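*Asks:* The following block contains the structure, expressed as structure tokens.
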Amino acid sequence: MHIRNRSFGAPGASAQHDRRIRCVLVIGAALAVATPFSAVIAQSQPFAASGSPNQMAVATALQSLPTRSPLRTSLQSQWPADPGNARAGYDRLSGEIHAAVGTQMIEDSHFARDATFARLSCAAGCADGSHLWAQAAGGWGHQGSNGNAGSLSRDMGGVMGGIDTLIFDNRWRVGLLFGYDHSSLTADSRYSTASTHDTTYGAYAGTQWGELTFKLGAAFVRHDIATDRFVQVPGLAAAQLGTDYYGHTAQVFGELGYGMRWGGNTWQPYLQLAQVRQNFESFRESGGPAALVGRSHEADVTYSTLGVHFVADSFQLGTMAVNARAGIGWRHAMGDVDVNHALAFRAGGNAYNLRGLVVSRNVGVLDAGLDFTLAPDAVFSLSYTGQAGNQHTVDQDLTAAMSVRF
């Protein structure tokens, strides 16, 4: 490199000064290569110029880590040389399973509502007296990727039961319910799993004025949550990261229906409303440099469902009276349907906002069942419930229930 010095001076001074400038520039360039300053320049390059919102959020958080952080340098080498591999690394580091748990627990709030409304429908054999009832349920569900969060699968099994009686001159049926269930969640594309042990407490009441029926209830569910993530990115040893924490879901709900006879059967158009609030406590993962910390968070979702119940006249199966029933409806969700989590790396840096799968805004619901009157005071029921909604959301559940009057 040559810079001409245009200053005035004695003859020959210009050439001598040029040589000195060239020497200083060469030495300065060599020092710049050899000093940490050049590393700082390299580290200041952006981790990602494009990607999903979650990937960009993780990349920004990584860039805020200390310059010599192993977690930062491991991903720095991937971008921009191999953007696809870098984005996959961001997904594995994201901790998306925590947001997915929040979404699924809101979606699963329908179990307490379904059990309550089914109990108060009393399709057969529970017109009077006090009752003990219990049910066992199992199901599975799946929600597809939305292009930002990965897909999620869920398996569930549990029991629920309660006791109810008639009050106010037999005009109102009131009761208490209790339940326990276990769910397993899998996000294969994020190499993450979660399990929840859920305990449910609730109360309900229902009455009828002529053809008009009114049902209402409230439920509280405590969630004991355990998550497990396998994280492997170039430059870091593979790590199994996990944590345990708690959450709860509380809700109030009601249904208004109007029964009518048509075609020899009973049809009941109905409207259901539910207000669901979810709270999760903060957590700290352990297991490696990619471990996360998560802030506590809450979400509020309102559900409305329009549909119709159908109950056929009973028929005889041997010595048993059998009632067939079915229902179809459309459920809409509004409120905090876009579940977010504020996360940060335990290694330092800035927090980032992670968006999980959204709560399905529009879902078609279908149910069908049979009630078998085993004795004047005992009814056994089999039921199926299915749901299908946006983002390839599918949920199917089978329930067996027993009710005994005393």
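The values are calculated or read from the model by the stated rules, or taken from the named source; none is laboratory data. Please read these numbers as outputs of a predicted model, since none were measured by experiment. No Cβ is skipped: glycine too gets one built from the backbone with ideal geometry, and neighbour counts run over all protein chains shown.
*Asks:* Would a scan of the range 274-291 turn up a residue that is touching a Gly at 6+ places or on another chain (Cβ under 9 Å), under 15 Å from residue 106 (Cα atoms) and among the aliphatic types (A, V, I, L, M)?
*Replies:* The answer is yes; a qualifying residue exists.
*Asks:* Run down 332, 341 and say which single residue is under 27 Å from residue 147 (Cβ atoms) and buried (at least 21 other Cβ atoms within 10 Å of the Cβ). It would help to see each step written out before you state the result.
*Replies:* Numbers: 332 fails: buried (at least 21 other Cβ atoms within 10 Å of the Cβ).
Exactly one residue qualifies, and that residue is 341.
*Asks:* Shifting gears a bit: Take the conditions in contact with a Lys or Arg (Cβ under 7 Å, 6 or more places away or on another chain), of a type in the set (Asp, Glu) and either modelled with pLDDT of 95 or more or assigned to a strand (DSSP E or B) (or both) and apply them to residue 300. Does it pass?
*Replies:* Details: in contact with a Lys or Arg (Cβ under 7 Å, 6 or more places away or on another chain): yes; of a type in the set (Asp, Glu): yes; either modelled with pLDDT of 95 or more or assigned to a strand (DSSP E or B) (or both): yes.
For residue 300, the condition - in contact with a Lys or Arg (Cβ under 7 Å, 6 or more places away or on another chain), of a type in the set (Asp, Glu) and either modelled with pLDDT of 95 or more or assigned to a strand (DSSP E or B) (or both) - is met.
*Asks:* Counting only residues that are within 17 Å of the chain's Cα centre (by Cα) and assigned to a loop (DSSP other than H, G, I, E, B), how many does the range 57-115 have?
*Replies:* Residues flagged as within 17 Å of the chain's Cα centre (by Cα) and assigned to a loop (DSSP other than H, G, I, E, B) within the range 57-115 amount to 4.
*Asks:* Still on this structure: Hey, any hits in the range 244-251 for a residue that's touching a residue at least 12 places away in the same chain (Cβ under 8 Å), surrounded by fewer than 19 Cβ atoms within 10 Å (Cβ to Cβ), aliphatic (A, V, I, L, M) and touching a Leu at 6+ places or on another chain (Cβ under 8 Å)?
*Replies:* Within the range 244-251 (the criterion being touching a residue at least 12 places away in the same chain (Cβ under 8 Å), surrounded by fewer than 19 Cβ atoms within 10 Å (Cβ to Cβ), aliphatic (A, V, I, L, M) and touching a Leu at 6+ places or on another chain (Cβ under 8 Å)), the answer is no, since none of the residues qualifies.
*Asks:* In addition: Restricting to the range 220-258, name every residue that is closer than 29 Å to residue 202 by Cβ and in contact with a Pro (Cβ under 9 Å, 6 or more places away or on another chain).
*Replies:* Going residue by residue through the range 220-258, those that are closer than 29 Å to residue 202 by Cβ are 220-227, 243-258.
Correct list: 257, 258.
*Asks:* Quick one: in the range 363-387, of everything that is β-branched (Val, Ile, Thr) and crowded, with 20+ Cβ neighbours inside 10 Å, which residue is nearest to the chain's Cα centre (by Cα)?
*Replies:* Start the filter on the range 363-387 by keeping residues that are β-branched (Val, Ile, Thr), which leaves 363, 365, 373, 379, 385.
Then drop every residue that is not crowded, with 20+ Cβ neighbours inside 10 Å, which leaves 363, 365, 379, 385.
Values: 363: 16, 365: 19, 379: 35, 385: 20 Å.
The qualifying residue nearest to the chain's Cα centre (by Cα) is 363.
*Asks:* So how many residues does the range 208-222 have that are assigned to a strand (DSSP E or B) and either surrounded by fewer than 17 Cβ atoms within 10 Å (Cβ to Cβ) or in contact with a helix residue (DSSP H, G or I) (Cβ under 6 Å, 6 or more places away or on another chain) (or both)? Even if it seems obvious, please write down each step before you answer.
*Replies:* To start, the set of residues in the range 208-222 that are assigned to a strand (DSSP E or B) comprises 208-209, 212-222.
Checking the rest, the ones that are also either surrounded by fewer than 17 Cβ atoms within 10 Å (Cβ to Cβ) or in contact with a helix residue (DSSP H, G or I) (Cβ under 6 Å, 6 or more places away or on another chain) (or both) come to 208-209, 212, 214-215, 217, 219-220, 222.
Residues in the range 208-222 being assigned to a strand (DSSP E or B) and either surrounded by fewer than 17 Cβ atoms within 10 Å (Cβ to Cβ) or in contact with a helix residue (DSSP H, G or I) (Cβ under 6 Å, 6 or more places away or on another chain) (or both): 9 in total.
*Asks:* Separate question: So residue 233 clears everything in (1) part of a strand (DSSP E or B); (2) within 24 Å of residue 58 (Cα to Cα) except one condition, right? Which one?
*Replies:* (1)
*Asks:* Going through 218, 239, 205, 274 one at a time, which residue ends up being modelled with pLDDT under 95 and among the small types (Gly, Ala, Ser)? Break it down into steps so the answer makes sense when it comes.
*Replies:* On the way: 218 fails: modelled with pLDDT under 95; 205 fails: modelled with pLDDT under 95; 274 fails: modelled with pLDDT under 95.
Of the residues listed, the single one that is modelled with pLDDT under 95 and among the small types (Gly, Ala, Ser) is 239.
*Asks:* Scan the range 271-297 for residues that are touching a Leu at 6+ places or on another chain (Cβ under 7 Å), outside any loop (DSSP other than H, G, I, E, B) and buried (at least 20 other Cβ atoms within 10 Å of the Cβ) and report the count.
*Replies:* Number satisfying all stated conditions: 2.
*Asks:* Where residues in the range 66-86 are under 22 Å from residue 294 (Cα atoms) and crowded, with 22+ Cβ neighbours inside 10 Å, which of them is modelled with the lowest pLDDT? Working first, answer last.
*Replies:* Of all residues in the range 66-86, those under 22 Å from residue 294 (Cα atoms) come to 66, 69-72, 75.
Now drop any that are not crowded, with 22+ Cβ neighbours inside 10 Å, which leaves 71-72, 75.
Details: 71: 84, 72: 84, 75: 73.
The extreme case among them is 75.
*Asks:* Another question, then. Give the residues of the range 382-406 that are in contact with a Gly (Cβ under 6 Å, 6 or more places away or on another chain) and within 15 Å of residue 132 (Cα to Cα), sorted by residue number.
*Replies:* 405
*Asks:* Another one. Identify all residues within the range 234-254 that are under 16 Å from residue 301 (Cα atoms) and either more than 21 Å from the chain's Cα centre (by Cα) or charged (D, E, K, R) (or both); write none if there are none.
*Replies:* The one that is under 16 Å from residue 301 (Cα atoms) and either more than 21 Å from the chain's Cα centre (by Cα) or charged (D, E, K, R) (or both): 254.
Okay, residues lined up against (1) surrounded by fewer than 23 Cβ atoms within 10 Å (Cβ to Cβ); (2) at pLDDT 95 or above; (3) among the polar types (S, T, N, Q):
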| residue | (1), (2), (3) |
| --- | --- |
| 126 | yes, no, no |
| 144 | yes, no, no |
| 148 | yes, no, yes |
| 156 | yes, yes, no |
| 162 | yes, yes, no |
| 166 | yes, no, no |
| 187 | no, yes, no |
| 192 | no, yes, yes |
